[in-house]
Amino acid sequence: MNDVSKPTRLRLLVLEDEALVSMLIEDQVIELGFSVVGPAATVKQALALCATEPIDGALLDVNLGGGQRSDPVADYLDKRKVPFLFVTGYGQAGLDPRFADRAVLQKPFALPELRRELNAMFLDPAAAGAQRLA
Amino acid sequence: MRPETDEQQRQRRLDAEAALREGDINFHLLADSIPQLAWMAQPDGWIFWYNKRWYDYTGTTFADMEGWGWRRVHHPDHVDRVVARLQRSWETGSPWEDTFPLKRHDGEYCWFLSRALPVRDDKGRVLRWFGSNTDITELREADERQKLLVDELNHRVKNTLASVQSLARQSARSATDIEDFMQRFEPRLLALSRMHSLLARDKWQSANLIAVISETLAPFAQGAPGRIEILGPAVLLNPTAAVTLAMAMQELATNAAKYGSLSVPQGRVSVTWNQDLGGGPQPAINLLWEETNGPHVAPSNRRGFGSRLIEQGLARELNGEVSLELVDTGARCRMRLPLSSKVALA
């Protein structure tokens, strides 16, 4: 059982194909007090982590290079009510229509913007029903 | 003035009829040779004539098209709007312009820019309407392509800015002061910039591995002619893989110039690769960075930006296996990069 005086850090899956950018996001997420699962660079890597790691939320790049998109991972998390946030250079317009109402963080972003989005993800009453993927 | 004789009157009538016929022939030659579809309508919009190109394009007959029959070659999603706007022009006499698809004889739709202008008598009454439809399918496709390109460019710029942000952050992390920061940051930024120049040459499709490495190591080879060997078969990298590999090479070379084989006159670096014929589950490229004749380097457990980028970032992005070790002549880095949509044999 968890010690309540030392709450377990929330664990965020990071999916980003470009190495430099994934290192940046990893650092930013850690700096805000979260643990990073991954980062993953491909859908396959991300789904493998989903299957083996506890995950409380996710940051998903949209276009993963070589024509691959993160939509299958978003679907997987959505089905299990795990909250996620898209991180992309395209902005809202690059999203698949079925995720058009999801939160998007436009690259590049600074820590306060990421903090705001993560607060919304975990403090928003709509996210109260969110579940840890274990 | 002397009255015309019967003979003169007859001749004048014949001339006028010939002129009319000739005018008619000229008109039809013109109407059928222009690239547009063309038509004429009565003041109330009843179409009584189409040029030949209209029939060729639509595969219809005058009986199909007369009056309001043209609606059958319009797309169901557009026809109501087109009719409503045309009707307004017929009623007000104002010029008409619209853009919509028209069905070709084989059932395909192409996009047309369509216009109609009223021809008026000297009292301003509309005598008839001249209309034309210009095929703008190619123009629309070019517009579409341009929009995609701009979106793609915007995406690339944003990702590049995030990469620069990453380089700044990583450089700041190990810098002792601002000058030290600039000495770490600038060469990385310039390496990124050189890679962009290389990728731009091939319109951001791909880059050759040998070009990626040569371009990145060029500043290090300037002070060390013949000391850097780059050798391997033609391999194509997608743009993000090219950037990541270039940044990895930049880190290895910087390290070699500071502490490794490029820090002494007799030291050498070789970067070689070949196709992995080991019969693994997936075909791959094996790449080796090796420094020789360098100064004795004490093994170190220090892990900075370079090793993190190579061992974690690059390995992850290219789904590869990477080992980076410090041997006594400098760094030795092995990469096994599976062939994929990001790494391909040319």
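Points to keep in mind about this one:
- For the residues B:LYS103, B:LYS147, B:LYS158, the requirement of being charged (D, E, K, R) and outside the structural domain of B:ARG308 (by TED's automatic domain parsing) singles out B:LYS103.
- Answer residue from the stretch B:250-284, given it is of a type in the set (A, V, I, L, M) and free of Cβ contacts under 8 Å to residues at least 40 places away in the same chain and is surrounded by the most Cβ atoms within 10 Å (Cβ to Cβ) among those: B:ALA253
- Under the condition of being surrounded by 13 or more Cβ atoms within 10 Å (Cβ to Cβ) and polar (S, T, N, Q), the residues counted in the stretch B:88-107 number 2.
- In the stretch A:28-38, the residue that is farthest from B:ARG173 (Cα to Cα) out of those that are more than 10 Å from chain B (Cβ to nearest Cβ) and free of Cβ contacts under 8 Å to residues at least 40 places away in the same chain is A:VAL37.
- Among helices (runs of 4 or more DSSP H) entirely within the stretch B:12-125, having at least 2 residues that are over 41 Å from the mean Cα position of the chain (by Cα) and free of Cβ contacts under 8 Å to residues at least 24 places away in the same chain singles out B:62-65, B:79-92.
- Residue in the stretch B:287-305 that is surrounded by fewer than 17 Cβ atoms within 10 Å (Cβ to Cβ), modelled with pLDDT of 95 or more and not basic (Lys, Arg) present: yes
- Scope the stretch A:71-83; condition within 9 Å of A:ALA58 (Cβ to Cβ) and either of a type in the set (S, T, N, Q) or without any contact (Cβ under 8 Å) to a residue 40 or more places away in the chain (or both); matching residues: A:ALA74
- Residue check, B:LEU262 closer than 24 Å to B:GLU186 by Cβ and either in a strand (DSSP E or B) or away from chain A (no Cβ under 14 Å) (or both): yes
- The stretch B:283-328, residues that are in a loop (DSSP other than H, G, I, E, B) and β-branched (Val, Ile, Thr): B:VAL297
- Residues located in the stretch B:329-346, provided they are more than 21 Å from A:LEU20 (Cα to Cα), part of a strand (DSSP E or B) and either in contact with a helix residue (DSSP H, G or I) (Cβ under 6 Å, 6 or more places away or on another chain) or more than 12 Å from chain A (Cβ to nearest Cβ) (or both): B:GLY330, B:ALA331, B:ARG332, B:LEU345
- Residue count, the stretch A:62-86 (criterion: within 24 Å of B:SER340 (Cα to Cα) and either within 14 Å of chain B (Cβ to nearest Cβ) or among the polar types (S, T, N, Q) (or both)): 9
- Within the stretch B:139-172, tally of residues that are at pLDDT 90 or above, in contact with a helix residue (DSSP H, G or I) (Cβ under 9 Å, 6 or more places away or on another chain) and within 11 Å of chain A (Cβ to nearest Cβ): 13
- Pick from the stretch A:96-118, criterion more than 14 Å from chain B (Cβ to nearest Cβ) and touching a residue at least 40 places away in the same chain (Cβ under 8 Å), ranking: surrounded by the fewest Cβ atoms within 10 Å (Cβ to Cβ): A:ARG115
- Only one entry of B:GLY45, B:GLY67 meets the criterion of being surrounded by 11 or more Cβ atoms within 10 Å (Cβ to Cβ), touching a strand residue (DSSP E or B) at 6+ places or on another chain (Cβ under 8 Å) and either within 20 Å of B:PRO95 (Cβ to Cβ) or at pLDDT 95 or above (or both), and that entry is B:GLY45.
- Among the residues here, A:ALA93 does not qualify as at the interface with chain B (Cβ under 8 Å from one of its Cβ atoms) and crowded, with 20+ Cβ neighbours inside 10 Å.
- Selection from the stretch A:39-61 of residues that are closer than 13 Å to A:LEU12 by Cβ and away from chain B (no Cβ under 14 Å): A:CYS50, A:GLU53, A:PRO54, A:ILE55, A:ASP56, A:GLY57, A:ALA58, A:LEU60
- Test result for B:ASP180, more than 14 Å from every other protein chain (Cβ to nearest Cβ), within 24 Å of A:GLY89 (Cα to Cα) and of a type in the set (D, E, K, R): no
- Boolean, B:ALA191 is modelled with pLDDT under 95, closer than 28 Å to B:SER270 by Cα and in a helix (DSSP H, G or I): no
- Selection of the stretch B:147-196 for residues being closer than 20 Å to B:GLU215 by Cβ and under 17 Å from the mean Cα position of the chain (by Cα) yields B:ARG156, B:HIS196.
- Scan the stretch B:197-249 for residues that are touching a Phe, Trp or Tyr at 6+ places or on another chain (Cβ under 7 Å) and either surrounded by fewer than 17 Cβ atoms within 10 Å (Cβ to Cβ) or within 13 Å of another protein chain (Cβ to nearest Cβ) (or both) and the total you get is 1.
The values are calculated or read from the model by the stated rules, or taken from the named source; none is laboratory data. Model, not experiment: these values are computed from the prediction. All Cβ positions, even for glycine, are placed from backbone atoms using ideal geometry, and neighbour counts span all protein chains on display.
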